[in-house]
Structure formats: structure tokens, C-alpha cells
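To keep things clear, I will list the structure first and then write my remarks on it.
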Amino acid sequence: MGNDSMIKAPGPVGFTLQVYVPTEETAKARSFYSRLFGREPEFEPHDDFFEWSPLAGQECWFQISGKVDATPMFNRARFRVLEIGEAAAFLDSSGIDHSEPSQLPGVVAFVDFADPWGNQLGYYQDLVPSGQQREYRGTSVNDEAQFTRISSQ
């Protein structure tokens, strides 16, 4: 490795996530994501490229770009909300199919959905402040017994 161990990784000062939709669907995507974020894009340099800053005051960007033969994002991007029930109600009122809200008790509640092009999205609500959550040592994120469904009643 030589002197490579002396090279430090750059300290990130922002974050961008780019999601692709078919080029002919960009107007529909702009409308969908404007509704999802509750506002028009902050930056729109091209007819087929839009971006929103979901975290006010942060250098964090969610970009939508038109692409021929677009492949959906199969890793899920979840957005933090203050009330998961309100987020699920918004999805219902918007006609967006979603999972039943569920939770890891004492840690997080979440609901998953996808955009019309198959990009995996979701909302989550911290149930306990970061750093104060219960640890589940000796278990797996794939262990359904750790999660509970939130009653819609």
C-alpha cells in the first residue's frame, strides 16, 4: 500500500441522489415529485432534469433525470417525517400504493412505496431520538418478529 495510508478520505459536505425515469415521462415525474415534496423543483436546468432540496439549509439534493432505458432504483430512499400516520394518509389521498406502516418498537416506524417508474421510496419516523434507541443485539434486520404492524384503526 505504500504511502496510500497517509491519504485521507475527503470529508463530505453534501449529498445528492439521482433517480432516473424514462425520458418521455419527465413531465409526469416532475408533477409526481412536486406533489411528493409539496413544492416545485429548486433547480431545473434542463427540460428533463429537476432537483429538490428535501432538507432546508442543507446541501442535500434529490434529482430526477430523464434517461433512455431508465432502470429504477431498487435500493430504497426514505424521507424522515414527524408523523408516520399523516404520511400514510397523504399517500392514500394521493392514490399512491404503499405498505402497511410498521415499526421496530422504540426505534423507528416506516411505510414503503414506489414512484410510478418503480423507484423505491419510503417515509420513516424516529420513535426515539437518535442515539437513544434500544439495541437489538443478536438479531437481524430480516427477522420479522422484531417488527410490528401499526394498526390503521
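The values are calculated or read from the model by the stated rules, or taken from the named source; none is laboratory data. Bear in mind the structure is a predicted one, so any value in this text is a computation, not a measurement. In this analysis, Cβ positions are derived from the backbone assuming ideal geometry, glycine residues included, and neighbour counts consider all displayed protein chains. Just the protein is used for accessible areas: all its heavy atoms, side chains included, with ligands, DNA and RNA removed. Shrake-Rupley method; radii C 1.70, N 1.55, O 1.52, S 1.80 Å.
The listed residues are Val111, Val13, and the only one of them that is in contact with a His (Cβ under 7 Å, 6 or more places away or on another chain), outside any helix (DSSP H, G or I) and either of a type outside the set (D, E, K, R) or farther than 30 Å from Pro129 by Cβ (or both) turns out to be Val111. What about Trp61, is it free of Cβ contacts under 8 Å to residues at least 40 places away in the same chain and touching a strand residue (DSSP E or B) at 6+ places or on another chain (Cβ under 7 Å)? So Trp61 fails the test. In the condition set (1) touching a helix residue (DSSP H, G or I) at 6+ places or on another chain (Cβ under 8 Å); (2) on the phi > 0 side of the Ramachandran plot, Ala109 is compliant with all but (2).
Hey, any hits in segment 88-100 for a residue that's within 21 Å of Glu144 (Cβ to Cβ) and part of a helix (DSSP H, G or I)? Scanning segment 88-100, I find at least one residue that is within 21 Å of Glu144 (Cβ to Cβ) and part of a helix (DSSP H, G or I), so the answer is yes. Against the condition outside any strand (DSSP E or B), modelled with pLDDT of 95 or more, hydroxyl-bearing (Ser, Thr, Tyr) and surrounded by fewer than 16 Cβ atoms within 10 Å (Cβ to Cβ), how does Ser31 come out, does it pass? Judged against the criteria, Ser31 is a match.
Whether any residue in segment 116-123 is at negative phi, not aromatic (Phe, Trp, Tyr) and not in a strand (DSSP E or B) is what I want to check. Yes: one or more hits. Gly66 satisfies every condition listed in (1) touching an Asp or Glu at 6+ places or on another chain (Cβ under 6 Å); (2) at pLDDT 95 or above; (3) open to solvent by 40 Å² or more (accessible area, probe 1.4 Å) except (3). Of all residue pairs spaced 6 or more apart or on separate chains, those with beta-carbon atoms under 8 Å, a first member in segment 30-57 that is within 17 Å of Pro116 (Cα to Cα) and a second member that is of a type in the set (Gly, Ala, Ser) and assigned to a helix (DSSP H, G or I) are Phe50/Ala29. Working only within segment 101-153, note down all residues that are modelled with pLDDT of 70 or more and aliphatic (A, V, I, L, M). Leu104, Val107, Val108, Ala109, Val111, Ala114, Leu121, Leu127, Val128, Ile150, listed by residue number. Checked against the criterion of being in a loop (DSSP other than H, G, I, E, B), touching a Ser or Thr at 6+ places or on another chain (Cβ under 8 Å) and of a type outside the set (D, E, K, R), the candidates Pro72, Pro41 yield just one match: Pro41. One residue stands out among those in segment 1-28 that are within 15 Å of the chain's Cα centre (by Cα) and within 18 Å of Gly118 (Cβ to Cβ): the one that is least open to solvent (accessible area, probe 1.4 Å), which is Val19. Given the condition open to solvent by 30 Å² or more (accessible area, probe 1.4 Å), on the phi < 0 side of the Ramachandran plot and outside any loop (DSSP other than H, G, I, E, B), answer yes or no: does some residue in segment 50-60 qualify? No, because not a single residue in segment 50-60 is open to solvent by 30 Å² or more (accessible area, probe 1.4 Å), on the phi < 0 side of the Ramachandran plot and outside any loop (DSSP other than H, G, I, E, B).
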